[in-house]
Amino acid sequence: MTTQQWFDERHDYAGSSIGFRVTQRLHAEQTPFQSIEIYDTTDWGKLMTIDGCMMVTTRDNFFYHEMMSHPALFTHPRARRVVIIGGGDCGTLREVLKHDEVESAVQVEIDERVTRLAEQYFPELCESNSDPRAQLLFIDGIKWMAECEPESLDIVIVDSTDPIGPAEGLFNEAFYRSCLKALRHGGILVQQSESPLAHLPLLKNIRKAMKGAGFQAMRTLTFPQPCYPTGWWSATLARKGVDLSDFRERGAEMKQFATQYYNVEIHKAALAMPEFLKAALEG
Ligand code: SAM
């Protein structure tokens, strides 16, 4: 009788943990930036962890990748130049490139090994990497954004790890100021903004830093994400010079590509703010 093996991610600060039953560890390596492991699971496909934190599973990554991309792309009137900071598993890049209006999608990932392992173990997330509109850069997103041509981008998506280590500098006012400068009028910044249940102080700080950087309008969207702490996650949108009160409903309704979670009703629902969050973020 083989003893069942589990990968458990403990969240001491939240007094909770998340576990997936695994069959074997397929890969482990220490890169110059972080430690990466790949597991095979009994029910969730492959699992990638970075520094012991779950990043992506075959089975549930669609919630996150779709909600980090489609709300912003269906809010912008016509996003042509999109940049993804982080996003090494390439799932967000794939969703962005489903939008025909996008002419360029640059992914700025600090650790090339994340992408090379994604190509090997999550090939379905990398299927758009050869799209002629895609460009994969392996450098620090903080530096890249600081040097980005002003008013040259329509959407910036920060699909990063938690604000520790190399990602720490992606959650502060200085970085958001460089995003604001790089965005055109009406441009949208999307930040993965952690769990509203377990990381509310961090979410508040993200919005405070965005406001301090000069973004006027902000909306925090929530969505399920089983492999992340508490299973409930968020993305915060901030816009340059224009509000975020509505989105291209017709465009979302008539979308010409498949999604597993995102649709126009989900978009509207994600904009609805739970009472405790409304009080905490808008009170
Ligand atoms: N969905 C995941 C989450 O919410 O935790 C993030 C997925 S993706 C794998 C996160 C990526 O951010 C990692 O591949 C990591 O290497 C990258 N990253 C962290 N700091 C970075 C930085 N300063 N510049 C570019 N990429 C960075």
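Looking only at Cα atoms, what is the convex hull volume of segment 98-194 per residue, in Å³?
Values: hull volume 11.2 nm³, N = 97.
Looking at segment 98-194, the number lands at 116 Å³ per residue.
For segment 173-179, 3J(HN,Hα) computed residue by residue from phi via the Karplus equation (6.51, -1.76, 1.60; θ = phi - 60°) reads 4, 4, 5, 5, 5, 6, 5 Hz, glycine and proline entered as x. Once the 1.4 Å probe is applied to the protein heavy atoms, the chain comes out at 43 Å² accessible per residue.
The figure for Arg219 is an accessible area of roughly 70 square angstrom, using a 1.4 Å probe on the protein chains alone. Given a 1.4 angstrom probe, I'd like the percentage of the accessible area of the chain that is carbon and sulfur, rounded to a whole number. Roughly 50 percent, rounded to a whole number.
Note on segment 144-198: Kirkwood radius taken over Cα pairs, Stokes-Einstein applied at 10 °C and 1.306 mPa s, translational D equal to 134 µm² s⁻¹. In order along segment 233-241, the phi-based Karplus estimate (6.51 cos²θ - 1.76 cosθ + 1.60, θ = phi - 60°) of 3J(HN,Hα) comes to 10, 8, 10, 10, 9, 10, 10, 8, x Hz; Gly and Pro are listed as x.
What fraction of the Cα pairs in segment 1-110, stated in percent, has a spacing above 19 angstrom? The proportion of pairs with Cα distances above 19 Å equals 55 percent. At the listed q of 0.12, 0.13, 0.14 Å⁻¹, the Debye profile of segment 51-107, built from one uniform point per Cα, gives log10 I(q)/I(0) equal to -0.28, -0.33, -0.38.
Per DSSP H run of at least 4 residues, take -39500 (n - 2.57); add these up for the chain, divide by its residues and hand me the 222 nm value, nearest 500 deg cm²/dmol.
-7500 deg cm²/dmol
Semi-axes of the equivalent ellipsoid for segment 38-161, computed as √(5λ) from the eigenvalues of its C-alpha gyration tensor and ordered from largest down, come to 24, 16, 12 Å.
Once the Cα atoms are used to define both axes, helix 200-213 deviates from the longest principal axis of the chain by about 30 degrees.
The string of couplings for segment 183-189 from the Karplus curve (6.51, -1.76, 1.60, θ = phi - 60°) is 7, 6, 4, x, x, 10, 9 Hz, one whole number per residue in order, with x for Gly and Pro. Each of Thr115, Phe74, Gln34 was placed along the dipole of the chain (beta-carbon charges, centred on the mean Cα), and the one lying farthest toward the positive end is Phe74. Of interest is the spacing of the C-alpha centroids, which for segment 35-90 and segment 156-225 amounts to 16 Å. If R0 equals 25 Å, the separation of the Cβ atoms of Leu202 and Thr31 corresponds to a calculated FRET efficiency of about 0.50. A quarter of the convex hull surface defined by the alpha-carbon atoms of the chain gives 14.5 nm² as the mean projection.
The values are calculated or read from the model by the stated rules, or taken from the named source; none is laboratory data. This is a predicted model, so every value here is computed, not measured. Methodologically, a virtual Cβ is constructed for each residue, glycine included, from the backbone with ideal geometry; neighbour enumeration extends over all protein chains shown. Surface accessibility is based on the protein's heavy atoms, side chains included, excluding ligands, DNA and RNA. Shrake-Rupley method; radii C 1.70, N 1.55, O 1.52, S 1.80 Å.
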